[in-house]
Amino acid sequence: MLEARDLWKSYGTRKAVEGVSLAVKAGEIVGLLGPNGAGKSTTVAMLCGLTPPDRGSVTIGGEAVGEERNAVKRRIGLVPQDISLFEDLSAIGNLELFGALYGITGRTLHDRTHAALELVGLADRAKSRPSTFSGGMKRRLNIACALVHDPDVLLLDEPTVGVDPQSRNAIFDNLETLRAKGKALVYTTHYMEEAERLCDYIVIIDHGKIVASDRKEALLALLPAEKRRKVVVSEASLEDVFLHLTGRELRD
Amino acid sequence: MSPLSALVRKDLILYFSNKRALLITLAAPILIAAFFGYVMGGPPKKPTRVPVAIVDLDRSPTSKIIVDAMKADPTFDLKEVPEPEAVALVREGRIRAAAVIPAGFGDAAPKAMFAPNAKKPEITVHFDPSQAIALQLVKGLLAEHVMKGVSRAAFSPDTGMKAITDMRADVKAAKDIAPDERRDLITLFDSIERMQAHNKPASASRPGGGTQGFSMPFETKQVEVTGKANARYNGFAHSFAGMGVQFILFMGIEVGVGLLLMRRLGLWKRLRAAPVSRTLLLGSRILSGTLIASILLVGIYAAAIAFFGVRIEGSVAGFILIGIAFAILTSTFGLLIAALGKTPEATRGLAVLATLLLVMLGGAWVPSFVFPEWLQTVTLFVPTRWAVDGLEAMTWRGLGFDAALAPVGAMLAFSALFARIAIRRFDWEE
């Protein structure tokens, strides 16, 4: 579905991305992992046509992703790292705006906006302004805005920053639903447990270069034998305890 | 809903959803324009009477004629007070000037009128230096009333007889006068004496008798020059043009700073990720800014018309065209701010300073005709000058559609320049 070949990008003398290649199939989540400043966001910007690569190409279904009015961009949904919402526009107003920008109109726009709100659990807050939302609700609406035009490829740039476990789980459930529907997802994070839970394929990037890329089981083989086995102190994590005590219900 | 209409709709909803900010945006120019308009003369009315004082130290029939004439002049709001009080009133700025008629004026003035070499009596005029223009008015009108009063006294048997007798004696005794000239002057005095004798029966009770004295050999008819017959100057028309321009430009700053904030919040990136052109993204911003500015202008002028008597005496179509051109100018000015600015905070400060300079030089605070001539020429290169002049031309000046074309052309040219610079300098990739 999405294929990036040999992407390079520099800002002045600083090389941000050096020769990154990756491919995402329909119904697959590819995790783009790396520490802060590794080049993840620059890679995502090139994948969605925001930033033209100095070298290399990005295609979706064989068609090149370009800048501005490129029609292929209609097949991409971007969830930026920042919560990019118009705070004084209602939730449905935000969705209608982003839907219209992707050429969705009339009844289709109406249906898609309501479906997107339903998916992220905000149907009852359609007319509320994001300024009245919690951080988790804003993150979910941020995702809904990228889904309203029903893209084939969804690029998520650290979509769970600053949300509570309930919202994070809800977001994970949404993403798994989308994968089941055959969408191709690129999930950028530096939380390993998120990648472990969600991603079918992992690309690890550092200093702008890919240091490893494979299915997560295969990546474990990169570890020296003595490091592959860990002593399990507790079978459950603190997060499991937290969710057990506070429940999995969304609190917004 | 097309992408363009969705973007414009978004901007309008966001701007007008903040009711408190909107109220202030509308109320501030109306209140300040009301104040400035009132100070600058307010609605059409009779000319303001100039507050002046007269001090009569002479107390002669001649000085009484002058004082009475000045009291009857509708140009003056005259107070007759002692000299120290008159000077104090000038110093406090409560009157524009005070004229002091010296003792002996009634005797000396008629002699000085006929004898060029005679010592002229001196009328002192104390004036407020901050109101120096009023001094010329007071001197001019004082000259008229003194000339009338003194000539009337000179030809009056009651007041003029002694002066003629004294002057005849002076002429006879003078050694530096040629015999022919002496003879002619004596003949003139004899003629005046005969005229005084004719006037005597009518001079029973009034100072100056029945004589009229000299009078101005012309009358003036004041006609306010505006483009439309019966159009009247309204001080509010200028102040609303000026304050409207200023506060709508402030809104333009918000258009620019809003773009910088959108960048900071990642919204600009999200909009750019959509399959829409740069032209559409910036064009929608210009369009929404233009609409908002137009709506604000309509609101401000609605108040001016409803409550302050401002009228579009000239071309309504011209007024609308000037309003639209100014709204486009505001919008592109905002875009320029966004293109040149770095952070919203620093940009807002600099943009406010730039706007205040623009409106000051554009004649929004004080009319540009009070500027020195060189500054009036220089400010033709300031876009706000065209906006203010254009709005005034269509309101109280009552000019026709043709007079709107130059301001509209100038503002659109500035808009094109601003937009061109903004698009070239705009950092698309942030």
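Numbers below:
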| item | result |
| --- | --- |
| Selection from the range B:10-27 of residues that are surrounded by 18 or more Cβ atoms within 10 Å (Cβ to Cβ) and more than 8 Å from chain A (Cβ to nearest Cβ) | B:11, B:15, B:25 |
| Filtered residue count, the range B:68-77, keeping only those that are surrounded by 21 or more Cβ atoms within 10 Å (Cβ to Cβ) and either outside the structural domain of residue B:125 (by TED's automatic domain parsing) or not in a strand (DSSP E or B) (or both) | 1 |
| Any hit, the range B:78-85, residues being part of a loop (DSSP other than H, G, I, E, B) and surrounded by 18 or more Cβ atoms within 10 Å (Cβ to Cβ) | no |
| Residue in the range B:352-374 that is over 20 Å from residue B:32 (Cβ atoms), over 20 Å from the mean Cα position of the chain (by Cα) and either of a type outside the set (S, T, N, Q) or surrounded by fewer than 16 Cβ atoms within 10 Å (Cβ to Cβ) (or both) present | no |
| Residues that are in a helix (DSSP H, G or I), of a type in the set (A, V, I, L, M) and modelled with pLDDT of 75 or more, drawn from the range B:123-152 | B:134, B:135, B:137, B:138, B:141, B:142, B:143, B:146, B:147, B:150 |
| Test: residue in the range B:386-398 that is assigned by TED's automatic domain parsing to the domain that holds residue B:248, under 30 Å from residue B:305 (Cβ atoms), exposed (fewer than 13 other Cβ atoms within 10 Å of the Cβ) and out of contact with any helix residue (DSSP H, G or I) (no Cβ under 8 Å at 6 or more places or on another chain) | no |
| Condition met for residue A:78 (buried (at least 21 other Cβ atoms within 10 Å of the Cβ), modelled with pLDDT of 90 or more and among the aliphatic types (A, V, I, L, M)) | yes |
| Test: residue in the range B:273-295 that is in a helix (DSSP H, G or I) and in contact with a Cys (Cβ under 8 Å, 6 or more places away or on another chain) | yes |
| Selection within the range A:139-169 - in a helix (DSSP H, G or I) and closer than 24 Å to residue B:3 by Cβ | A:141, A:142, A:143, A:144, A:145, A:146, A:147 |
| From the options B:385, B:424, residue that is of a type outside the set (Val, Ile, Thr) and over 21 Å from residue B:318 (Cα atoms) | B:424 |
| Failed criterion for residue A:172 (all others in (1) hydrophobic (A, V, I, L, M, F, W, C); (2) at pLDDT 90 or above; (3) part of a helix (DSSP H, G or I); (4) out of contact with any Gly (no Cβ under 6 Å at 6 or more places or on another chain) hold) | (2) |
| When residues of the range B:258-307 are limited to those that are touching a residue at least 40 places away in the same chain (Cβ under 8 Å) and polar (S, T, N, Q), the one nearest to the other protein chains (Cβ to nearest Cβ) | B:284 |
| Spans of helices (runs of 4 or more DSSP H) in the range A:1-120 with at least 1 residues in contact with a helix residue (DSSP H, G or I) (Cβ under 7 Å, 6 or more places away or on another chain) | A:91-101, A:106-119 |
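Conditions tested, residue by residue: (1) at pLDDT 90 or above; (2) β-branched (Val, Ile, Thr); (3) under 12 Å from residue A:32 (Cβ atoms).
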residue: A:163; (1), (2), (3): no, yes, no
residue: A:167; (1), (2), (3): no, no, no
residue: A:182; (1), (2), (3): yes, no, no
residue: A:188; (1), (2), (3): yes, yes, yes
residue: A:215; (1), (2), (3): no, no, no
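Matching residues to (1) surrounded by 23 or more Cβ atoms within 10 Å (Cβ to Cβ); (2) farther than 30 Å from residue A:17 by Cα; (3) at pLDDT 90 or above; (4) within 13 Å of chain B (Cβ to nearest Cβ):
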position	(1), (2), (3), (4)
A:41	no, no, no, yes
A:64	no, no, no, no
A:89	no, yes, yes, yes
A:101	yes, no, yes, yes
A:108	no, yes, yes, yes
A:116	yes, yes, yes, no
A:119	no, yes, no, no
A:129	no, yes, yes, yes
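The values are calculated or read from the model by the stated rules, or taken from the named source; none is laboratory data. Small disclaimer: the values here were computed from a predicted structure and weren't measured. Methodologically, a virtual Cβ is constructed for each residue, glycine included, from the backbone with ideal geometry; neighbour enumeration extends over all protein chains shown.
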